[in-house]
Amino acid sequence: MDAVGRLKEKGVKVIFVLGGPGSGKGTQCANIVRDFGFTHLSAGDLLRAEIKSGSANGTMIQNMIKEGKIVPSEVTIKLLEKAMLENGNYKFLIDGFPRNEENRAAFEEVTRIEPEFVLFFDCSEEEMERRLLSRNQGRDDDNIETIRKRFKVFLESSLPVIEYYNAKNKARTVDAARPINEVFESVKIAFSSFDKKVHIE
């Protein structure tokens with residue numbers, strides 16, 4: 001059975017998580033994992049892990065990134081498919097993907113999976129800028145010029161994805177400028193159709 005058949009058999013459910021840099025996606029994904037039993041897959045982390053593995057695929061990805069090229073959708077999608085098949089869970093948060101319309105169309109075509117919905121963390125540029133500059137994570141790209149470039153790329157490429165799902169009534173927009181716990185209250189409403197994870201103390 002091919003990957004598509006195996007994913008179908010597993011009854012995989014996918015939620016795309018999108019938001020600009022500094023919108024708090026990572027923090028909220030951790031909360032969703034804890035309370036709703038999802039597995040969090042970050043497209044960027046999967047690509048970095050593949051590079052680290054030293055595989056031929058990893059070398060190809062590394063060279064493309066070095067040359068400033070965008071890694072082909074199929075490459076990222078295959079890594080996501082593999083991660084979903086190797087994981088015991090069937091509920092996945094896919095973070096930072098699809099980055100653009102081409103990614104989105106390729107994901108649905110390759111995996112034959114349509115997401116349950118896309119969770120969009122809506123946050124003003126000023127607020128994201130403030131957060132990124134105040135978090136001392138030592139990321140080289142957290143300077144004002146780079147941050148503004150990242151915002152611009154996010155807006156130009158990711159907003160059409162959100163608009164596409166909005167037209168299908170599959171976009172859940174959360175005001176991410178509020179305090180973390182308030183944001184999570186809105187997130188919980190978006191996930192109300194999923195059972196809460198049973199906490200066994």
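The values are calculated or read from the model by the stated rules, or taken from the named source; none is laboratory data. What you are looking at is a predicted structure, and each value in this text was computed from that prediction instead of being measured. Cβ atoms come from the backbone with ideal geometry, glycine included; neighbour counts cover every protein chain shown. Side chains included, ligands, DNA and RNA excluded: accessible areas come from the protein's heavy atoms. Shrake-Rupley method; radii C 1.70, N 1.55, O 1.52, S 1.80 Å.
Key figures
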item: GluC sites (Glu not before Pro) restricted to DSSP loop in the stretch 1-108 with at most 10 other C-beta within 10 Å; result: Glu67
item: Three semi-axes of the equivalent ellipsoid, the stretch 1-108, Cα gyration tensor, whole Å, largest first; result: 22, 18, 13
item: Under 10 Å, Cβ to Cβ, from Ser157 - net charge with Lys/Arg +1 and Asp/Glu -1; result: -1
item: Exposure ranking of Ile32, Ile51, Ile180 by accessible area [1.4 Å probe, largest first]; result: Ile180, Ile51, Ile32
item: Theoretical gain in end-to-end length, Glu156 to Met1 [0.36 nm per residue, Cα-Cα removed]; result: 52.0 nm
item: Length added when fully stretched, Lys196-Leu133, from 0.36 nm per residue minus Cα-Cα; result: 19.2 nm
item: Where the chain is the region considered: accessible area per residue in Å², 1.4 Å probe; result: 55
item: Prolate/oblate/rounded call for the stretch 6-53, Cα gyration tensor, a/c under 1.5 rounded; result: oblate
item: Isotropic mean projected area of the C-alpha convex hull, the chain (nm²); result: 12.5
item: For a label point 7 Å along the Cα-to-beta-carbon line of Glu9, residues of the stretch 41-83 with backbone N under 17 Å; result: 81-83
item: R0 of 30 Å, Cβ-Cβ distance Asp175-Asp45: FRET efficiency to nearest 0.05; result: 0.70
item: log₁₀ of I(q)/I(0) at q = 0.13, 0.28 Å⁻¹ - the stretch 61-117, Debye sum with one point per alpha carbon; result: -0.36, -1.29
item: Carbon and sulfur %, accessible surface of the chain computed with the full protein complex present, 1.4 Å; result: 51
